[in-house]
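J.: Attaching a single structure in structure tokens format; questions to follow.
The values are calculated or read from the model by the stated rules, or taken from the named source; none is laboratory data. Predicted model only: the values in this text are computed from it and were never measured. All Cβ positions, glycine included, derive from the backbone under ideal geometry; neighbour counts span all protein chains shown. For accessibility, only protein heavy atoms count, side chains too; no ligands or nucleic acids. Shrake-Rupley method; radii C 1.70, N 1.55, O 1.52, S 1.80 Å.
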Amino acid sequence: MFTRVLIANRGEIAVRIARTCRALGIPTAAVFSDADRNARHVGAADTAVHIGPAAAAESYLSIGRIIDAARASGADAVHPGYGFLSEDPALPAACHDAGLTFIGPPARVIARFGSKINARRAAAEAGVAVVPGGEPDDQSEPGIAAVAREAGFPLLLKPSAGGGGKGMVSITGEDELEAGIARARREALATAGDGTLYVERRIERPRHVEVQVVADRHGTVCQLGERDCSTQRRHQKVVEETPAPRLSQGLRTRLLTAAVSVARQAGYENAGTVEFLIDGTGDDAGCYFLEMNTRLQVEHPVTELVTGLDLVEAQLAIGAGHRLPWTADEVVPRGHAIECRVYAEDPAADYLPQAGTIAGYHEPAGPGIRIDSGVGRGIDVPVHYDPLLAKLAAVGRTREQARQRAYAALGEFAVLGLPTNIGLLRRVLAHDAFVAGDVHTGFLAEHGEALVEAEPDEMTMAAVAAAVSVAHAERDRRSAGEGPSAGRYPPPAIASDRPDAGVWDRLARWRLGAAGD
Amino acid sequence: MTRHRSRQWVVTSGAVSLPVRTRHDDDHAEIEIEIEIEIGAGDPARTVTATILSSSDDACIVSVGGQSAVVRLAPHASRCHAMVGGETFTVMADSGAGSDSADSDEHAATASGVDLDALSAPMPATVSAILVKPGSTVKAGETLIRLEAMKMEQAIRAPAAGRVTAIACRVGELVQPGRPLVALEARPTTAGKPHQ
């Protein structure tokens, strides 16, 4: 299919892409910045290329360096993952000029959906409803105010070029409008570098449901079901699942049909996600196009778990010009899957991102458990990038079985040395409203205090002190040159700073030294 | 000859800290280790007995009151991080209280309140903007410095009205937690207008 695929990303997604390539027998090249020399994704590929300093602008966001790395490693294809350059139309253009295959949609499609205003027009052309609001041609203060009044309060002002909820300003009434427009303009300039705004009605307690689509160059557009991503903090997803709970069959059909229409109308190619806001639950609930993500989505594993498909494999096949490796009839989703995003962040400090060294690490396993991780013991979590460390996904026959499996597995997931949201994720999964499938985007904010911190149990704290005391005594014995005590397993013969490290990890590193800069 | 080991710890989870004293035989020939635990600083302290069923470098199986749990461990600097059932704990030796010595400089640091003299970085971050100069007069809550970490911006604000006496960082610099960024001299708000 390809001689070598360069993975223009880092962290868990780079590891995940490398795994599929390895299974398919396609050699890979990783890229790494100064901050990522010992990162897990570097060892996951067959070779690795150093691409610059820690600052993303000079490494993972530098198209020149990515293209140079592809050439240096002998790659003939580039997979962008998500984030970084994945939605920058300049990367596919540069790949094209360099004679490389870009694993994703064509530049014109990315450019179209990269502008929120053009994306809304694309949806309207496909006959799909958009959130009430407008796209002011007149970007002056009175021009925006007029569109805002027409859409009705409460409303949101968003940067047209932004994403991920950044730079969004909420306005509840006429009296806040003038100051709100000025603030939204500043926010848009600061976060997106472009002051163009658009207006959107704010829907109370909405759900965020999205549809996975895959399209090849031969006219096949296939939907792979929906994902509910309503559990969010600060407009960033935390828990995702498929199928969406409490979604009527009529509403589901409307969503899936609308997603395929948008993709088909736009001449879409490769994997993409059409996001919707849902207002209500029944067949006649409001169902509005939000945006289309022209790349592999963070939460794609839940779709893979219930369909049995490998989306990266499909992306590679489509990129190589092949037909979709399956037909729509063959896609029969089975069971329910839930994914939890493990972030280096402190929920008690308003989800402040955390950086540091992972001093201890243990991944759970078990029936229906899938871990996509970019970290391990001894690995530094740098301040320069997104704080997503790993994703834990669970699949079960029913939603309840998937929920129980995810909850139990999170209890075995040890990421020590810096604060993470693992405790919070467990409390979300155990919350009555989540158990009932009563999810909406305000869930975390609404139940915040009960979810952010647990009241620690004294007996558990006592058990922890006991374990530490014995571990401490053991270290003292060792430093005094005494042998291990009777109940003690000897320390490992090969000290390692990696999870499950063995001779192969060492070889990967040795190769890295040979093939790197 | 049997040695006994008695140590005082502070176990922290979120906002809760609990003093705990552990006592066990240090020359244990038995596979299972019995540990006496006193919980809390109260009088009389609650006492329980734990049994260590097995231990390795990064995990212990501990049984307390008929319940056993895997405690994952990771010593890091002067503290030990631990995880049980998805909840994390930090354990520090309480110096001066046990029969063994232990470094607890970080413990002392966390006990101090807001330091008006020097405001420091709460986490590793890049300095994205410095909004004041030495000599600037600032109001309580005014943003002095902006930090950026992992695509998020965080403001270092003045905890009280005062005057900036020194700037100890540069724009673009990567700073570690605890690194002083800006020095402030507190000034009573009734002191009147700043002189030019």
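J.: On the basis of being at the interface with chain B (Cβ under 7 Å from one of its Cβ atoms) and either modelled with pLDDT of 65 or more or surrounded by 24 or more Cβ atoms within 10 Å (Cβ to Cβ) (or both), does A:ALA480 make the cut? Spell out the reasoning first.
T.: On the way: at the interface with chain B (Cβ under 7 Å from one of its Cβ atoms): no; either modelled with pLDDT of 65 or more or surrounded by 24 or more Cβ atoms within 10 Å (Cβ to Cβ) (or both): yes.
Taking the combined requirement at face value, the residue does not satisfy it.
J.: Pairs please, first residue from segment A:37-59 and under 16 Å from B:LEU174 (Cβ atoms), second anywhere and surrounded by 19 or more Cβ atoms within 10 Å (Cβ to Cβ) and among the β-branched types (Val, Ile, Thr), Cβ atoms under 8 Å, 6+ apart in sequence or on different chains.
T.: Matching pairs, first to second residue: A:SER59/A:VAL31; A:SER59/A:ILE51.
J.: Oh, and also: Go through (1) in contact with an Asp or Glu (Cβ under 8 Å, 6 or more places away or on another chain); (2) open to solvent by less than 10 Å² (accessible area, probe 1.4 Å); (3) not hydroxyl-bearing (Ser, Thr, Tyr) and name the single condition A:VAL262 misses.
T.: (1)
J.: Report the residue count in segment A:350-365 for those that are open to solvent by 40 Å² or more (accessible area, probe 1.4 Å) and either at positive phi or not in a loop (DSSP other than H, G, I, E, B) (or both). Talk me through it step by step, then tell me what you get.
T.: Pass one, segment A:350-365, residues open to solvent by 40 Å² or more (accessible area, probe 1.4 Å): A:350, A:357, A:362-363, A:365.
Next cut, either at positive phi or not in a loop (DSSP other than H, G, I, E, B) (or both) only: A:350, A:357, A:362.
Of the residues in segment A:350-365, 3 are open to solvent by 40 Å² or more (accessible area, probe 1.4 Å) and either at positive phi or not in a loop (DSSP other than H, G, I, E, B) (or both).
J.: Step by step: first the residues of segment B:53-98, then only those that are outside any strand (DSSP E or B) and of a type in the set (D, E, K, R), then the one that is farthest from the other protein chains (Cβ to nearest Cβ). Which residue is that?
T.: Step one: list which residues in segment B:53-98 are outside any strand (DSSP E or B), which gives B:56-58, B:65-66, B:77-78, B:85-86, B:94-98.
Now restrict to residues that are of a type in the set (D, E, K, R): B:57-58, B:94.
Values: B:ASP57: 5, B:ASP58: 6, B:ASP94: 11 Å.
It comes out as B:ASP94.
J.: If you don't mind, there's one more thing I want to ask. Mind checking which residues of segment A:234-244 are outside any strand (DSSP E or B) and open to solvent by less than 10 Å² (accessible area, probe 1.4 Å)?
T.: We begin by selecting, within segment A:234-244, every residue outside any strand (DSSP E or B); these are A:234-235, A:243-244.
Matches in segment A:234-244: A:ALA244 only.
J.: Can you confirm whether segment A:180-201 contains a residue that is out of contact with any Cys (no Cβ under 9 Å at 6 or more places or on another chain) and closer than 26 Å to A:ASP438 by Cα? Steps first, please.
T.: Narrowing segment A:180-201 to residues out of contact with any Cys (no Cβ under 9 Å at 6 or more places or on another chain): A:180-201.
In the following step, the residues that additionally are closer than 26 Å to A:ASP438 by Cα were identified as A:200-201.
Yes, segment A:180-201 has at least one match.
J.: Sticking with this structure for a sec: Taking the residues in segment A:378-402 that are open to solvent by 50 Å² or more (accessible area, probe 1.4 Å), among the charged types (D, E, K, R) and modelled with pLDDT of 95 or more as candidates, determine which candidate is nearest to B:HIS81 (Cα to Cα). Write out each step before concluding.
T.: Pass one, segment A:378-402, residues open to solvent by 50 Å² or more (accessible area, probe 1.4 Å): A:380, A:384, A:386, A:397-398, A:400-401.
Next, from what is left, pick out any that are among the charged types (D, E, K, R): A:380, A:386, A:397, A:400.
Filter again for modelled with pLDDT of 95 or more, leaving A:397, A:400.
Working: A:ARG397: 36, A:GLU400: 32 Å.
Top of the filtered list is A:GLU400.
J.: Working only within segment B:158-178, note down all residues that are within 14 Å of another protein chain (Cβ to nearest Cβ) and not in a loop (DSSP other than H, G, I, E, B). It would help to see each step written out before you state the result.
T.: Of all residues in segment B:158-178, those within 14 Å of another protein chain (Cβ to nearest Cβ) come to B:171-178.
If the condition is that a residue be within 14 Å of another protein chain (Cβ to nearest Cβ) and not in a loop (DSSP other than H, G, I, E, B), then B:LEU174, B:VAL175 are the ones that fit.
J.: Tally time: how many residues in segment B:13-26 are surrounded by 20 or more Cβ atoms within 10 Å (Cβ to Cβ) and more than 7 Å from chain A (Cβ to nearest Cβ)?
T.: Matching residues across segment B:13-26 total 1.
J.: What is the number of the single condition among (1) of a type outside the set (A, V, I, L, M, F, W, C); (2) touching an Asp or Glu at 6+ places or on another chain (Cβ under 9 Å); (3) within 25 Å of A:ALA126 (Cβ to Cβ); (4) not in a loop (DSSP other than H, G, I, E, B) that A:ARG217 does not meet?
T.: Going through the list (1) of a type outside the set (A, V, I, L, M, F, W, C); (2) touching an Asp or Glu at 6+ places or on another chain (Cβ under 9 Å); (3) within 25 Å of A:ALA126 (Cβ to Cβ); (4) not in a loop (DSSP other than H, G, I, E, B), A:ARG217 breaks only (4).
J.: Still on this structure, please answer the following. Would you tally the residues in segment B:121-142 being surrounded by 13 or more Cβ atoms within 10 Å (Cβ to Cβ) and either of a type in the set (A, V, I, L, M) or within 27 Å of the chain's Cα centre (by Cα) (or both)? Outline the logic, then answer.
T.: Our first condition is that a residue be surrounded by 13 or more Cβ atoms within 10 Å (Cβ to Cβ); within segment B:121-142, this holds for B:121-132, B:136-138, B:142.
Filter again for either of a type in the set (A, V, I, L, M) or within 27 Å of the chain's Cα centre (by Cα) (or both), leaving B:121-132, B:138, B:142.
Total satisfying the criteria: 14.
J.: Give A:THR273, A:THR257, A:THR281, A:THR231 a once-over and let me know the one that is part of a helix (DSSP H, G or I) and of a type in the set (Val, Ile, Thr). Please lay out each step first, then the result.
T.: On the way: A:THR273 fails: part of a helix (DSSP H, G or I); A:THR281 fails: part of a helix (DSSP H, G or I); A:THR231 fails: part of a helix (DSSP H, G or I).
None of the other options fit; the residue is A:THR257.
J.: Determine whether segment A:425-445 contains at least one residue that is basic (Lys, Arg), facing chain B (nearest Cβ under 8 Å) and in contact (Cβ under 8 Å) with a residue 12 or more places away in the chain.
T.: yes
J.: Those residues that are hydrophobic (A, V, I, L, M, F, W, C) and either touching a residue at least 24 places away in the same chain (Cβ under 8 Å) or assigned by TED's automatic domain parsing to the domain that holds A:ASP228 (or both), I need them from segment A:446-458; list them, please. Steps first, answer last, please.
T.: Initially, segment A:446-458 is screened for residues hydrophobic (A, V, I, L, M, F, W, C), giving A:450-452, A:454.
A:LEU451, A:VAL452, A:ALA454 - these are the residues of segment A:446-458 that are hydrophobic (A, V, I, L, M, F, W, C) and either touching a residue at least 24 places away in the same chain (Cβ under 8 Å) or assigned by TED's automatic domain parsing to the domain that holds A:ASP228 (or both).
J.: What number of residues within segment A:2-44 are more than 18 Å from the chain's Cα centre (by Cα) and assigned to a helix (DSSP H, G or I)?
T.: Matching residues across segment A:2-44 total 10.
J.: With (1) under 30 Å from B:GLU148 (Cα atoms); (2) touching a strand residue (DSSP E or B) at 6+ places or on another chain (Cβ under 8 Å) as the list, and A:GLU453 as the residue in question, which single condition is left unmet?
T.: For A:GLU453, the failing item is (2).
J.: Restricting attention to segment B:38-52, report how many residues are open to solvent by 10 Å² or more (accessible area, probe 1.4 Å) and either of a type in the set (Lys, Arg) or at the interface with chain A (Cβ under 7 Å from one of its Cβ atoms) (or both).
T.: Of all residues in segment B:38-52, those open to solvent by 10 Å² or more (accessible area, probe 1.4 Å) come to B:38, B:40-49, B:51.
Okay, now just the ones that are also either of a type in the set (Lys, Arg) or at the interface with chain A (Cβ under 7 Å from one of its Cβ atoms) (or both), so B:46, B:48.
The qualifying residues number 2.
J.: Hey, among the residues in segment A:189-219 that are among the hydroxyl-bearing types (Ser, Thr, Tyr) and in contact with a helix residue (DSSP H, G or I) (Cβ under 8 Å, 6 or more places away or on another chain), which one's least open to solvent (accessible area, probe 1.4 Å)? Spell out how you get there, then give the answer.
T.: Within segment A:189-219, the subset among the hydroxyl-bearing types (Ser, Thr, Tyr) is A:191, A:196, A:198.
Next cut, in contact with a helix residue (DSSP H, G or I) (Cβ under 8 Å, 6 or more places away or on another chain) only: A:196, A:198.
Details: A:THR196: 45, A:TYR198: 1 Å².
Among them, the one singled out is A:TYR198.
J.: A:ILE117: buried (at least 20 other Cβ atoms within 10 Å of the Cβ) and either in the same structural domain as A:ALA317 (by TED's automatic domain parsing) or in contact (Cβ under 8 Å) with a residue 40 or more places away in the chain (or both), yes or no?
T.: Numbers: buried (at least 20 other Cβ atoms within 10 Å of the Cβ): no; either in the same structural domain as A:ALA317 (by TED's automatic domain parsing) or in contact (Cβ under 8 Å) with a residue 40 or more places away in the chain (or both): yes.
The answer is no for A:ILE117.
J.: One residue is enough: does segment A:140-153 have a residue meeting the conditions of a type in the set (Ser, Thr, Tyr), open to solvent by 60 Å² or more (accessible area, probe 1.4 Å) and either without any contact (Cβ under 8 Å) to a residue 40 or more places away in the chain or out of contact with any Lys or Arg (no Cβ under 6 Å at 6 or more places or on another chain) (or both)? Working first, answer last.
T.: Of all residues in segment A:140-153, those of a type in the set (Ser, Thr, Tyr) come to A:140.
Still in the list and also open to solvent by 60 Å² or more (accessible area, probe 1.4 Å): none.
There is no residue in segment A:140-153 that is of a type in the set (Ser, Thr, Tyr), open to solvent by 60 Å² or more (accessible area, probe 1.4 Å) and either without any contact (Cβ under 8 Å) to a residue 40 or more places away in the chain or out of contact with any Lys or Arg (no Cβ under 6 Å at 6 or more places or on another chain) (or both).
J.: Still on this structure, please answer the following. Looking only at segment A:260-293, count every residue that is closer than 16 Å to A:GLU226 by Cα and among the polar types (S, T, N, Q) and tell me the total.
T.: Number of matching residues: 4.
J.: Within segment A:60-69, identify whether any single residue is surrounded by 23 or more Cβ atoms within 10 Å (Cβ to Cβ), modelled with pLDDT of 95 or more and either in contact with a His (Cβ under 8 Å, 6 or more places away or on another chain) or in a helix (DSSP H, G or I) (or both), and answer yes or no. Give the steps one after another, and end with the answer.
T.: Step one: filter segment A:60-69 for residues surrounded by 23 or more Cβ atoms within 10 Å (Cβ to Cβ), giving A:60, A:66, A:69.
When the remaining residues are screened for being modelled with pLDDT of 95 or more, the result is A:60, A:66, A:69.
Adding the requirement that they be either in contact with a His (Cβ under 8 Å, 6 or more places away or on another chain) or in a helix (DSSP H, G or I) (or both) leaves A:66, A:69.
Yes - at least one qualifying residue is present in segment A:60-69.
J.: Which ones in segment B:99-141 are over 14 Å from B:ARG157 (Cβ atoms), at pLDDT 70 or above and not in a strand (DSSP E or B)?
T.: Result: B:MET123, B:PRO124, B:LYS133, B:PRO134, B:GLY135.
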